[in-house]
């Protein structure tokens, strides 16, 4: 078909495929000229065609647009946008830079892509990322629908798509290591583990070159395009390859009953600070897309990454909500974890807002109504909103759970009362009676910080490999090396470390709230003390599949815990009973080593709890001893005709540390000795006559 340029329409934004061509639309208020560039190859040093958009016929209000007949999906494109370069007014237009369409559904980085070329003066055409035209409707979902698991029954597994299968012994098909397709081949492992959702670290197209020299951005918290799946995780070629392979992965996970939650980064972009590259937003309309301090000629940095997206500007708010809806409608994701979500609670000058428009838009949008929306309810500038994040739907990463559980298991003083609150869904943080308990996302470890193995193996961070003189990463980890810093052959230290890991897992799964575990913790994945491995795309960060066999006993323990906790309603209460309450479904009774006498003193290191369900025949008693000596706990009376059976004792050897309730050994004593630094869980089961 012959290629003709028609006026086009200002909507929809982005590149939209029609039967006879493609409509392009771009927002830029203060520019005076826009060129649409068409390319044949991602490494082309010059476009095959330049289409100048006429301000009279190709502009409506602040939207530049055209319709090009004869174009088809797969066409590569970009923009040059001309306007004032005037930092005193916040303008950074640069007509020599090729810019990414903010609404691009696919971004292609050729072999000559160079981040620095977008920082230097001059033309970067041959080194720039290129957008690709994609028809999002051209895919057969085969009846796939979102799963919509209840938080109450969910177990989240935080996973890095690339790192999950890049290890040399990942045992995936050739060419699929580190890809969406590679993850598909490992679904049986995830299914057997018992998790119900994967929370994927950033999969929106990001800049891998945004890292110290010689390293790469592994985590992906450097977004370049909010609508496009990251091409580096795709084994498929072509413009639609990453999108289709991502959707194949989602479809396969759904068939196995596993939800897909993606970690989205709307708080900053890869363009970084004042000396960063001009890749897209900076060259389109800087002061609309970013919070920019004109007086001091600097970007506000509430994200800690050089810039802050102006999320509550109307243009940006629309882009974010449209991006989220795209991932739901065309990519079938089940939910979102919002990185540094408190940035989105800031106004256009960075001030905290009581009712942030963007967050209410997300909360109330009908397309997003069935999704999980999870906030990391803080930012890098001190705005901490755990327990006070806006709205009625947002769940929250409970950072206080992480810190308090770490401190208690480590043996710190003054932690018993705080641990009791964490075990019961943190009612001190979430006092609203109507709030669902399971919107507290409980975790001990996540991508940011030590792995579980390193939490019990290192007292301090060891981030020298990041080339920042070990100055990066958090200094407050509440970790304990159990007597030796790093790897050791000492059997006593190793036994203690394993016990502490089992203690962490047990507390996580007997606590009210939705549990989340970090990729590889179930087999003792280590980062060798690096607690900020954002730039380590290597075996420091990857899932080491050799550990599955090496630590199969711990893996079996975690699998058992997941099955046990998810099958007992007393660990999955929708609302925590408020004492006194006539209509409560579960009775919660606190004890110490003596019944009905919980020790909450400053130097106490133990607590016991009894959970009795009035709706299900469930009676559970657990004892936590973080003291360095054994403690004998009095046992409450079991239900009539029942006896106590030991399901968990983290001090015991593999095969005895967890026993399914139906095979758990019966106890006859009225006391139970909990070894030092150990956790035990008992269930009351009916005794067969005779």
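Given the options 538, 531, name the one that is within 22 Å of the chain's Cα centre (by Cα) and surrounded by 20 or more Cβ atoms within 10 Å (Cβ to Cβ).
After ruling out the rest, the residue left standing is 531.
Evaluate the stretch 212-223: report whether one residue or more is modelled with pLDDT of 95 or more, within 15 Å of residue 331 (Cβ to Cβ), touching a strand residue (DSSP E or B) at 6+ places or on another chain (Cβ under 9 Å) and crowded, with 24+ Cβ neighbours inside 10 Å.
Checked against the condition, which is being modelled with pLDDT of 95 or more, within 15 Å of residue 331 (Cβ to Cβ), touching a strand residue (DSSP E or B) at 6+ places or on another chain (Cβ under 9 Å) and crowded, with 24+ Cβ neighbours inside 10 Å, the stretch 212-223 yields no hits at all.
Among the residues in the stretch 436-445, are any part of a loop (DSSP other than H, G, I, E, B) and either out of contact with any strand residue (DSSP E or B) (no Cβ under 9 Å at 6 or more places or on another chain) or under 14 Å from residue 573 (Cβ atoms) (or both)?
yes
Restricting attention to helices (runs of 4 or more DSSP H) lying wholly within the stretch 115-220, give those where 3 or more residues are under 17 Å from residue 247 (Cα atoms) and outside the structural domain of residue 37 (by TED's automatic domain parsing).
180-185
Go through the stretch 221-254 and give me each residue that's in contact with a helix residue (DSSP H, G or I) (Cβ under 6 Å, 6 or more places away or on another chain) and not in a loop (DSSP other than H, G, I, E, B). Steps first, answer last, please.
Taking the stretch 221-254 as the starting set, the residues that turn out to be in contact with a helix residue (DSSP H, G or I) (Cβ under 6 Å, 6 or more places away or on another chain) are 226-227, 229, 231, 233-236, 242, 245-246, 249, 252.
229, 231, 233, 242, 245, 246, 249, 252, listed by residue number.
Hey, among 395, 369, which residue is farther than 19 Å from residue 227 by Cβ and without any contact (Cβ under 8 Å) to a residue 24 or more places away in the chain?
On inspection, the qualifying residue turns out to be 369.
Suppose we filter the stretch 600-614 for residues that are part of a strand (DSSP E or B) and closer than 16 Å to residue 674 by Cα; how many remain? Reasoning before the result, please.
Initially, the stretch 600-614 is screened for residues part of a strand (DSSP E or B), giving 606-613.
Still in the running and closer than 16 Å to residue 674 by Cα: 606-610.
Final tally of qualifying residues: 5.
Which condition number does residue 676 fail, the rest of (1) touching a strand residue (DSSP E or B) at 6+ places or on another chain (Cβ under 9 Å); (2) over 21 Å from residue 415 (Cβ atoms) being met?
Residue 676 satisfies all of (1) touching a strand residue (DSSP E or B) at 6+ places or on another chain (Cβ under 9 Å); (2) over 21 Å from residue 415 (Cβ atoms) except (2).
For the structure I just gave you, tell me whether residue 238 is touching a residue at least 24 places away in the same chain (Cβ under 8 Å), in the same structural domain as residue 205 (by TED's automatic domain parsing), surrounded by fewer than 22 Cβ atoms within 10 Å (Cβ to Cβ) and within 19 Å of the chain's Cα centre (by Cα).
Considered against the rule, which asks whether it is touching a residue at least 24 places away in the same chain (Cβ under 8 Å), in the same structural domain as residue 205 (by TED's automatic domain parsing), surrounded by fewer than 22 Cβ atoms within 10 Å (Cβ to Cβ) and within 19 Å of the chain's Cα centre (by Cα), residue 238 comes out as no.
Considering only the stretch 574-599, state which residues are at pLDDT below 95, in a loop (DSSP other than H, G, I, E, B) and in contact with a helix residue (DSSP H, G or I) (Cβ under 9 Å, 6 or more places away or on another chain).
Once the filter is applied, which keeps residues that are at pLDDT below 95, in a loop (DSSP other than H, G, I, E, B) and in contact with a helix residue (DSSP H, G or I) (Cβ under 9 Å, 6 or more places away or on another chain), the stretch 574-599 yields 574, 575, 576, 585.
With respect to residue 282, determine if the residue is in contact (Cβ under 8 Å) with a residue 60 or more places away in the chain, in the same structural domain as residue 211 (by TED's automatic domain parsing) and surrounded by fewer than 24 Cβ atoms within 10 Å (Cβ to Cβ).
Working: in contact (Cβ under 8 Å) with a residue 60 or more places away in the chain: yes; in the same structural domain as residue 211 (by TED's automatic domain parsing): yes; surrounded by fewer than 24 Cβ atoms within 10 Å (Cβ to Cβ): no.
No; evaluated as a whole, the condition is false for this residue.
It is to be established whether one or more residues within the stretch 509-527 are in a loop (DSSP other than H, G, I, E, B), surrounded by fewer than 16 Cβ atoms within 10 Å (Cβ to Cβ) and touching a residue at least 12 places away in the same chain (Cβ under 8 Å). Don't jump to the end; show me each part of the working.
If we filter the stretch 509-527 for residues that are in a loop (DSSP other than H, G, I, E, B), which is where we start, we get 511-513, 519-520, 524-527.
From what is left, the residues that are surrounded by fewer than 16 Cβ atoms within 10 Å (Cβ to Cβ) are none.
Scanning the stretch 509-527 turns up no residue that is in a loop (DSSP other than H, G, I, E, B), surrounded by fewer than 16 Cβ atoms within 10 Å (Cβ to Cβ) and touching a residue at least 12 places away in the same chain (Cβ under 8 Å).
Check 110, 143 and return the single one that is touching a residue at least 60 places away in the same chain (Cβ under 8 Å) and surrounded by fewer than 20 Cβ atoms within 10 Å (Cβ to Cβ).
Going through 110, 143 in turn, just one is touching a residue at least 60 places away in the same chain (Cβ under 8 Å) and surrounded by fewer than 20 Cβ atoms within 10 Å (Cβ to Cβ): 110.
Return the residues of the stretch 363-381 that are within 24 Å of residue 292 (Cα to Cα) and buried (at least 23 other Cβ atoms within 10 Å of the Cβ); say none if nothing qualifies.
376, 377, 379
Determine whether the stretch 471-480 contains at least one residue that is farther than 17 Å from residue 402 by Cα and surrounded by fewer than 20 Cβ atoms within 10 Å (Cβ to Cβ).
Yes, some residue in the stretch 471-480 is farther than 17 Å from residue 402 by Cα and surrounded by fewer than 20 Cβ atoms within 10 Å (Cβ to Cβ).
Sort out which residues of the stretch 271-296 are part of a loop (DSSP other than H, G, I, E, B), touching a helix residue (DSSP H, G or I) at 6+ places or on another chain (Cβ under 8 Å) and closer than 22 Å to residue 219 by Cβ, and write them in order of number.
271, 276, 277, 279
Find the strands (runs of 3 or more DSSP E) located wholly in the stretch 18-78 whose residues include 2 or more that are free of Cβ contacts under 8 Å to residues at least 40 places away in the same chain, farther than 20 Å from residue 224 by Cβ and outside the structural domain of residue 241 (by TED's automatic domain parsing), and list them.
In the stretch 18-78, 49-53 are the strands (runs of 3 or more DSSP E) which contain 2 or more residues that are free of Cβ contacts under 8 Å to residues at least 40 places away in the same chain, farther than 20 Å from residue 224 by Cβ and outside the structural domain of residue 241 (by TED's automatic domain parsing).
Within the stretch 401-418, how many residues are surrounded by 18 or more Cβ atoms within 10 Å (Cβ to Cβ) and closer than 28 Å to residue 373 by Cα?
Total satisfying the criteria: 6.
Only one of 300, 271 is surrounded by 22 or more Cβ atoms within 10 Å (Cβ to Cβ) and either farther than 21 Å from residue 81 by Cβ or in contact (Cβ under 8 Å) with a residue 24 or more places away in the chain (or both). Can you tell me which?
None of the others qualify; the one that does is 271.
With the structure loaded, tell me whether residue 155 is within 25 Å of the chain's Cα centre (by Cα), at negative phi and free of Cβ contacts under 8 Å to residues at least 40 places away in the same chain or whether it fails that test.
No, not satisfied.
In contact with a helix residue (DSSP H, G or I) (Cβ under 8 Å, 6 or more places away or on another chain), under 29 Å from residue 130 (Cβ atoms) and touching a residue at least 24 places away in the same chain (Cβ under 8 Å): which single residue out of 326, 332 fits that description?
332
Within the stretch 389-400, identify whether any single residue is at pLDDT 95 or above, surrounded by 20 or more Cβ atoms within 10 Å (Cβ to Cβ) and closer than 27 Å to residue 144 by Cβ, and answer yes or no.
yes
Can residue 307 be described as in the same structural domain as residue 227 (by TED's automatic domain parsing), over 30 Å from residue 249 (Cβ atoms) and part of a loop (DSSP other than H, G, I, E, B)?
Values: in the same structural domain as residue 227 (by TED's automatic domain parsing): yes; over 30 Å from residue 249 (Cβ atoms): yes; part of a loop (DSSP other than H, G, I, E, B): yes.
The answer is yes for residue 307.
The values are calculated or read from the model by the stated rules, or taken from the named source; none is laboratory data. It should be emphasised that the depicted structure is a prediction, and the values quoted were computed from it without experimental measurement. Cβ sites come from the backbone with ideal geometry, for glycine too, and all protein chains shown count toward neighbours.
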